[in-house]
Every structure is written in structure tokens, then in C-alpha cells.
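Peer 1: I'd like to ask some things about the structure below.
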Amino acid sequence: MIRTAVAAVAVVLSLALASCSSDAPERPTTMPDVTLDGFDGGEPVDLAELRGPVLVNLWASWCGPCREEMPLLEEFHQRYGDEVAVLGIDYQDAQPGKAAELVADSGVTYPLVSDPTGAVNGQGAFPNLRGLPFWAVVDEDGTVTHLKAGEVDSVDEIVALAEDHLGVSL
């Protein structure tokens, strides 16, 4: 009798949980409908029109892990930029001068845009961001195929991110 009651409760709970999860809204798979100004006078970029394959990296000058991975991303760009583009977004950086110093010190040559107000936060496929660095992987159709919170530690890790989520072989 007790086994039957426990089994009945388990069935009711699993049905209730299943119905809850199916009602959860699905996140969009598109980049935010936001146009960001080019970094330090560069060309603006309409993120909704972005087509890949491209790795989008959100960073800021105050972010220690971002500072460490920028040279890695530049190395990736130098090796594989013809096959997989890179776009950096200087996100909610209150010190644009420090950001420009970081870019110069890191030798970054891939395209950069600025998002000083956090316009991308919670928009399109982007969740409400809680930390940096943050990555979005965008395919040739403009679909965000993967989001990653946290830094990378090597160019090989960036290559794996591109190969695993863009279907490219680098």
C-alpha cells in the first residue's frame, strides 16, 4: 500500500514538473537587435545582421580574465580569421581610456564595438549577464549556436569552441 502511494506521488510530481518545463519560454537564438558604435571611432555594427561564422567576445578593461584572454583571441584571429571572424564588444566599460590602453597593449586587430550602457544585456539570445568574459558563437545564418560564460585559457580552447559549435575544421 505504501509503495503504491509513493509511486502515485512520484507520477503526479513528474507530470507536474514536465508540464512546468514545457511552459518555460524558449530563449531566442538570434543576436540582439542592437547597433553598437565602433570602438574608438570604428564602424558601427548591427548585431541582428551579423552572419558568421563568428565568435563574439564580451569584455571590459576592468575584467582580469578578459585581459588575459585578449592576446589569445588575437592569436586565434591572426591564424584563423579568414575562416572564423572575431568581434569584440567592450561591455559596460566606464573607462574607455583604459579599454583603449588594453586594446593597444594586447595588439588587438580584430573588429571591436562598444556597449557602454549594456544594451545587449538580456536581449536576443543573450541572458542577463552576471560576469565577463562572455561568448556567443554565431553561424552563417546568424543563429547563435552556443553561449559561454567565462574565460578561455588557450588558443586550442578557442579552436575547439569554433569547431564544436560552428561545424568548421580549423
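Read-outs: derived from the displayed coordinates by stated rules, not from any lab. It should be emphasised that the depicted structure is a prediction, and the values quoted were computed from it without experimental measurement. Every residue, glycine as well, gets a Cβ built from its backbone with ideal geometry; the counts of neighbours run over all protein chains shown.
Peer 1: Please give the net charge around D164, taking every other residue with its beta carbon less than 11 angstrom from that of D164, where Lys and Arg add +1 and Asp and Glu add -1.
Peer 2: Within the 11 Å Cβ shell, the charges total -1.
Peer 1: Now for a different question. Under the rule a/c < 1.5 gives rounded, and otherwise a/b versus b/c splits prolate from oblate, where does the stretch 76-125 land using the Cα gyration tensor?
Peer 2: Verdict is oblate for the stretch 76-125.
Peer 1: Separate question: What's the extension gain from E140 to D164 if we count 0.36 nm per residue and subtract their Cα-Cα distance?
Peer 2: Full extension of this stretch gives 7.2 nm more.
Peer 1: To continue, here is another question. Have a look at the stretch 35-166 and give its Rg and Dmax from the Cα atoms, expressed in angstrom.
Peer 2: Cα only, the stretch 35-166: 13.2, 35 Å (Rg, Dmax).
Peer 1: Work through the residues other than E151 whose Cβ is under 11 Å from its Cβ and net out their charges, Lys, Arg +1 and Asp, Glu -1.
Peer 2: For residues surrounding E151, the net value is -2.
Peer 1: So what's the gap between the Cα centers of the stretch 128-167 and the stretch 39-56, to the nearest angstrom?
Peer 2: Comparing the Cα centres of the stretch 128-167 and the stretch 39-56, I get a distance of 15 Å.
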